[in-house]
Amino acid sequence: MRHIISVLLENESGALSRVSGLFSARGYNIESLTVAPTNDPTLSRMTIVTIGDDRKVDQIEKHLGKLVDVAALQDITVSDHLEREIVLVKVQVPDDQTVAFERVVGAFNATAMHVADDQYIVEMSGSSEKVDELINSFKITKVIEVVRSGVIGLASDARVLSVPSL
Amino acid sequence: MQLSGADIVVKSLKEEGVEYVFGYPGGAALHIYDAFHRQDDVKHILVRHEQGATHAADGYARATGKPGLVMVTSGPGITNAITGLATAYMDSIPLIVLSGQVMKPLIGYDAFQEIDAVGISRPCVKHNFLIQNVEDIAETIKRAFHIATTGRPGPVLIDIPKDITAQVTEFIYPESVEMRAYPPVKLPPLSEIVSGVEAMLNAKKPIIYSGGGVVLANAQEELRTLVRSLGFPCTNTLMGLGGYPHDDPLFIGMLGMHGTYEANMAMHDADLIVALGARFDDRITGTLDGFAPNAKILHVDIDPSVIDKNIKADLPIIGDVKDVLNGFNAELKRRRKDINPELTTEWWGQINEWRSYDSLWYDESDTIIKPQYVVQKLHEVTGGQAYVTSDVGQHQMFAAQFYGFSDTHRWINSGGLGTMGFGLPAAMGVKFAHPDADVACVTGEGSIQMCIQELGTCKQYDLPVKVINLNNRYLGMVRQWQEFSYEKRYSNSYMDSLPDFVKLAESYGHVGMLIEKPGDVEGALREAFALKDRLVFMDFITDREENVYPMIEAGKGHHEMRLRPGSKAQ
Ligand SMILES: Cc1ncc(C[n+]2csc(CCOP(=O)(O)OP(=O)(O)O)c2C)c(N)n1
């Protein structure tokens, strides 16, 4: 099963490598990992997408919780949640295919920026599946480069991830 | 008070009540060494190799329950200390390792003796720090002590760039620390205690399986109360020995790969396993298929990640095992009339039958020294009260099986990592902690050579440790596996070109003894322990091909032990 785990992390040097080191040392899989500061500058929020059975995910959460830098964590996939990924795709569009290209961009609610000769950067945000679909639909054109932000997400019910007060 | 970073380091250690720091100097640590020189509250002990420093601090910590302190320099200083960090980490021992680092402006430029100490130690510490500012030193040391000694204990490394130790700032040692991401351990809910007790009151085939957590939590009294009020059989792990007295009728011996027949069979047939500060590791469980097929598991541990890791718990309780045991005992007192010893009568009948097979039996000899015999005599000569450290191999298992411990913190070995070379430096640390106690290092001729240089440290600081070298001229445990699983192809498990250990000990200024006959064992031990102020290196020439039994071989379960040929158990 795919799980999205949100982690509030002390904004300390070395905290990221502790988390990534934990995953490699214990053979846990990371599909994607993103991290950036939050509105509280002393905390970073990390979003990890991992795949594993319940037992493995239970172990992942317990080991993450043990890290001295981890202030709070939550598996947002256990109930309603919103997940988003941003993708930038640089594509080559031959002149005779611009109409088809624009149709795809429109269908995905994406935007396209002309960058050089016959090259465009397409930008979209959506679920990971939608991002996959967008990339797959550029068969007619030539995909030059793809960059994905990795997943971020929030629980879309009343659950809140916050640091428990001491 | 304005102080240099180096003085702040040493003063902070004093504030924490540190008596001894085990270490070895070098360029990046020299300001701190100068600060050691300016005072005599915190004593620095010069070892001969940084691995020795870590094991000595570790032995000190295991024998006292207080954190052990290590000081090393950058580069090779810290790389040499890694084995000791990993050893302490696997056994949850509180250590604080201070490492010098190259000057901050040089970090990242491959400076002389630069190594990423925080990176290289990360997988084998509970936490680590690279100090960035002189103002952070005191607070970081306070945090390090807090982290190392609370929750599930473990080693913490503090890396300090040299230039920071020369800078000056106001010294204020914080009285307490609060870390929002590292909250204190909570008491478990009463409902869990009540359910745990309910399960115990109804068990017909219970077993109490206690580990190193009981030792670390100083919960031996609480464990004894629980076991005795229920009249349940109790087994200890290798790390938990001493938690329950070896000669109590309710004690059924150590369990696991070289555990007794009765302990392993009882684990296999139990209907309730009460695991206390123990983690069901592979040396305990044997193969997981078919592990204790009919048992309900009540698992108590301070570390949530231990629960459900190897064995799924039916009744998990997360908390300090001492608190949980106090909870159990209070609840049992309330329900005293519900304790029914008849429920376990049949079970005890079965256990006593297993016990009558005497699975630790070995064939005594008047011509050749049996290693087990030496350990039994060691118990007699020291009245069972010695601190016993060991290395790793057959001798370790013989010490664990035959010494017979009555108290915690007396049996000091590297259970998790299995580090050869641990025994002698650990014994030094123990001797610093308990100068008047008998301290024996039970070792093998392979292991002792991994940290033998520490004989020099023992001389310098007059540490009258007794080294019990069970010399079988083999890497015995490796040879045993090769005998059982590789048709006696003894690939590289011999120990050739051995030194003359008597002369070697003498050359360091110690006493050496060579003991070759069983009849001389006891007399030699008495003579050695009577030499209160001398280190005696006792080289016992033992049976070359003695094996450790019982043994659960790879892929086998608790009920499939290999037993000593010719024994009743077989
Ligand atoms: C540092 C290290 N290297 C290798 C091993 C693997 N090993 C485990 S037991 C053993 C043999 C130990 O021989 P010795 O110290 O002579 O003890 P004996 O088994 O003969 O009692 C070895 C090599 C280890 N545990 N530690």
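The values are calculated or read from the model by the stated rules, or taken from the named source; none is laboratory data. Remember, predicted model here, so these are calculated numbers, not experimental data. Counting neighbours? That spans all protein chains shown, and the Cβs are built from the backbone with ideal geometry, glycine included. What goes into the accessible areas is simple: the full protein's heavy atoms, side chains included, and nothing from ligands, DNA or RNA. Shrake-Rupley method; radii C 1.70, N 1.55, O 1.52, S 1.80 Å.
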Considering only residues that are of a type in the set (V, I, T) and not in a strand (DSSP E or B), look in the range B:96-109 and name the one that is least open to solvent (accessible area, probe 1.4 Å).
B:V102
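Rundown of residues vs (1) open to solvent by less than 40 Å² (accessible area, probe 1.4 Å); (2) away from chain A (no Cβ under 14 Å); (3) away from the ligand (no atom under 16 Å from the Cβ), yes/no style:
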site: B:Q449; (1), (2), (3): no, yes, no
site: B:I452; (1), (2), (3): yes, yes, no
site: B:D462; (1), (2), (3): no, yes, yes
site: B:K466; (1), (2), (3): yes, yes, yes
site: B:N472; (1), (2), (3): yes, yes, no
site: B:G476; (1), (2), (3): yes, yes, no
B:E553 passes all but one of (1) surrounded by 20 or more Cβ atoms within 10 Å (Cβ to Cβ); (2) not assigned by TED's automatic domain parsing to the domain that holds B:F402; which number fails?
(1)
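Give B:K377, B:K337 a once-over and let me know the one that is surrounded by fewer than 14 Cβ atoms within 10 Å (Cβ to Cβ) and either assigned to a helix (DSSP H, G or I) or within 16 Å of the ligand (Cβ to nearest atom) (or both).
Of B:K377, B:K337, the one residue that is surrounded by fewer than 14 Cβ atoms within 10 Å (Cβ to Cβ) and either assigned to a helix (DSSP H, G or I) or within 16 Å of the ligand (Cβ to nearest atom) (or both) is B:K337.
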Considering each of B:E483, B:E527 in turn, give the residue that is open to solvent by 10 Å² or more (accessible area, probe 1.4 Å), within 14 Å of the ligand (Cβ to nearest atom) and acidic (D, E).
B:E483
Is there a residue in the range B:280-293 that is within 14 Å of chain A (Cβ to nearest Cβ) and either of a type outside the set (A, V, I, L, M) or in a loop (DSSP other than H, G, I, E, B) (or both)?
yes
Evaluate the following for B:S491: is it modelled with pLDDT of 95 or more and either within 16 Å of the ligand (Cβ to nearest atom) or within 14 Å of chain A (Cβ to nearest Cβ) (or both)?
yes
Which residue pairs have Cβ atoms closer than 8 Å, lie 6 or more positions apart in sequence or on different chains, and pair a first residue in the range B:356-375 that is of a type in the set (A, V, I, L, M, F, W, C) with a second residue that is surrounded by 15 or more Cβ atoms within 10 Å (Cβ to Cβ) and modelled with pLDDT under 95?
B:W361/B:S567; B:W361/B:A569
Can you report the number of residues in the range A:28-42 which are farther than 17 Å from A:M1 by Cβ, in a loop (DSSP other than H, G, I, E, B) and of a type outside the set (D, E)?
4
Scan the strands (runs of 3 or more DSSP E) fully inside the range B:114-180 and keep the ones with 2 or more residues being more than 24 Å from B:I82 (Cβ to Cβ).
B:168-170
Please work out which residue is nearest to the ligand (Cβ to nearest atom), limiting yourself to the range B:46-95 and to residues that are part of a loop (DSSP other than H, G, I, E, B) and of a type in the set (S, T, N, Q).
B:S92
A:L16 vs. criteria more than 8 Å from chain B (Cβ to nearest Cβ), open to solvent by 50 Å² or more (accessible area, probe 1.4 Å) and assigned to a strand (DSSP E or B):
no
Kindly indicate the residue of the range B:402-421 that is at positive phi and within 8 Å of the ligand (Cβ to nearest atom) and also farthest from the other protein chains (Cβ to nearest Cβ) among those meeting that condition.
B:G421
Pairs only if they're at least six apart or on different chains, beta carbon under 6 angstrom, first in the range B:86-109 and charged (D, E, K, R), second open to solvent by 10 Å² or more (accessible area, probe 1.4 Å); list them, first residue then second.
B:D91/B:G415; B:D91/B:G416; B:K104/B:D163
Please work out which residue is surrounded by the fewest Cβ atoms within 10 Å (Cβ to Cβ), limiting yourself to the range B:385-401 and to residues that are assigned to a loop (DSSP other than H, G, I, E, B) and within 13 Å of the ligand (Cβ to nearest atom).
B:V392
Let me confirm something: among B:E506, B:E522, which residue is of a type outside the set (A, V, I, L, M, F, W, C) and under 25 Å from B:E364 (Cβ atoms)?
B:E522
Could you check the range B:128-158 and list, in sequence order, the residues that are within 16 Å of B:E15 (Cα to Cα) and aromatic (F, W, Y)?
B:F145
Report whether or not A:D54 is in contact (Cβ under 8 Å) with a residue 60 or more places away in the chain and either open to solvent by 50 Å² or more (accessible area, probe 1.4 Å) or in contact with a strand residue (DSSP E or B) (Cβ under 7 Å, 6 or more places away or on another chain) (or both).
no
For the range B:186-199, the count of residues that are part of a loop (DSSP other than H, G, I, E, B), more than 12 Å from chain A (Cβ to nearest Cβ) and either of a type in the set (S, T, N, Q) or open to solvent by 70 Å² or more (accessible area, probe 1.4 Å) (or both) equals 1
Of residues in the range A:1-13 being in a loop (DSSP other than H, G, I, E, B) and surrounded by 13 or more Cβ atoms within 10 Å (Cβ to Cβ), the one modelled with the lowest pLDDT:
A:E12
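Any residue at all in the range B:205-214 that's more than 30 Å from B:T344 (Cα to Cα) and either small (G, A, S) or outside any loop (DSSP other than H, G, I, E, B) (or both)?
No, the range B:205-214 has no match at all.
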Yes or no: B:M239 open to solvent by 30 Å² or more (accessible area, probe 1.4 Å) and not in a loop (DSSP other than H, G, I, E, B)?
yes
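Filter the range A:43-89 down to the residues that are in a loop (DSSP other than H, G, I, E, B) and closer than 29 Å to A:K130 by Cβ and list them by number.
Within the range A:43-89, A:G52, A:D53, A:S79, A:D80 meet the criteria.
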Where residues in the range B:110-135 are open to solvent by 60 Å² or more (accessible area, probe 1.4 Å) and more than 18 Å from B:T73 (Cα to Cα), which of them is farthest from the other protein chains (Cβ to nearest Cβ)?
B:E135
Can A:A72 be described as facing chain B (nearest Cβ under 10 Å) and either in contact with a Cys (Cβ under 6 Å, 6 or more places away or on another chain) or more than 24 Å from B:A86 (Cα to Cα) (or both)?
yes
What's the total number of residues in the range B:422-441 that are within 11 Å of the ligand (Cβ to nearest atom) and open to solvent by 10 Å² or more (accessible area, probe 1.4 Å)?
0
